[in-house]
Amino acid sequence: MSLASVLAHEVEIRRAVAKGASKRSIFKRLHCNNETLDQALLILGIDYKGNRGGKGYKRATNKKPLAEFLKRGSAATIKRLKPRLIEEGLKQARCELCLRRTWRGQLIPLDLHHKNGDPKDNRLENLELLCPNCHRMTENWGTRRRFKARSSRG
């Protein structure tokens, strides 16, 4: 749509901006592109602040069920799996070995430990939440896991 055609929809543009509609929704409705809409807003003297941060819009929650990640060969990242285990009540936010929640008055950061050393084996019985101190004392922590895997192949 040309700039002149877009300018003919001044009332519709002002109404959409007042409602806090996104620029994308406005230019899609008018069948024009972003640059044409920007020019029209400038010519019409409309100060478009937009919907910063998407406030008021519901975001789609595409959370997969946790059961999909709690199996062998799962591609779940520790960063996402650990909080889900706690949120859904499968694990408590404490070290499973020393049972501590805090250290020196602060919450202990917890590591997700794979008992068998395989980071893709996310079966619940293979996972432990450990404090960094207890985690470093496990036999397959860090480089020890890689060394153990190499020696078992040969």
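Bear in mind these aren't lab numbers, they're just calculated from the coordinates by the rules spelled out. Only a predicted model underlies this, so the values are computations on that prediction, with no experimental measurement involved. Glycine also receives a Cβ, built like all others from the backbone with ideal geometry; neighbour counts cover every protein chain displayed.
Using Cα atoms only, what is the angle between the long axis of helix 78-87 and the major principal axis of the chain, expressed in degrees (0 to 90) to the nearest 10?
90 degrees
With θ set to phi - 60° and the Karplus curve 6.51 cos²θ - 1.76 cosθ + 1.60, what are the ³J(HN,Hα) couplings of segment 3-10 in order, to the nearest whole Hz, using x for Gly and Pro?
Values, residue by residue: 4, 4, 5, 5, 4, 5, 9, 4 Hz.
Using the Karplus curve 6.51 cos²θ - 1.76 cosθ + 1.60 with θ = phi - 60°, work out ³J(HN,Hα) for each residue of segment 19-31 in order, rounded to whole Hz, and write x for Gly and Pro.
Karplus values, whole Hz, x for Gly and Pro: 6, x, 5, 6, 4, 4, 5, 5, 6, 5, 5, 8, 6.
Where nothing but the Cβ of Lys and Arg (+1) and of Asp and Glu (-1) is charged, how large is the charge dipole of the chain around its Cα centre, in debye to the nearest 20?
In total the dipole reaches around 580 debye.
Using the Cα gyration tensor of segment 3-50, with a ≥ b ≥ c the square roots of its eigenvalues, what is the shape: rounded (a/c below 1.5), prolate (a/b larger than b/c) or oblate (neither)?
rounded
Obtain the nm distance between the two label points defined at Gln39 and Ser5 by a simple spin-label model: each point lies 7 Å from its Cα along the Cα-to-C-beta direction.
Each label point lies 7 Å from its Cα, and together they span 1.3 nm.
Match the structure shown to one of the listed values (i) 26.6, 77; (ii) 23.1, 78; (iii) 28.0, 90 of Rg and Dmax of the Cα atoms in Å, computed from it, and give that label.
Evaluating Rg and Dmax of the Cα atoms in Å on these atoms matches (i).
Out of residues 5 or more away from Lys71 or on other chains, whose amide H comes under 5 Å of its own, with H placed 1.01 Å from N in the peptide plane?
For Lys71, whose amide H was placed from the backbone, the distant partners under 5 Å are Asn122, Arg123.
What is the sum of charges, Lys and Arg at +1 and Asp and Glu at -1, for the other residues whose Cβ falls under 15 Å from the Cβ of Arg14?
Around Arg14, the surrounding residues sum to +2.
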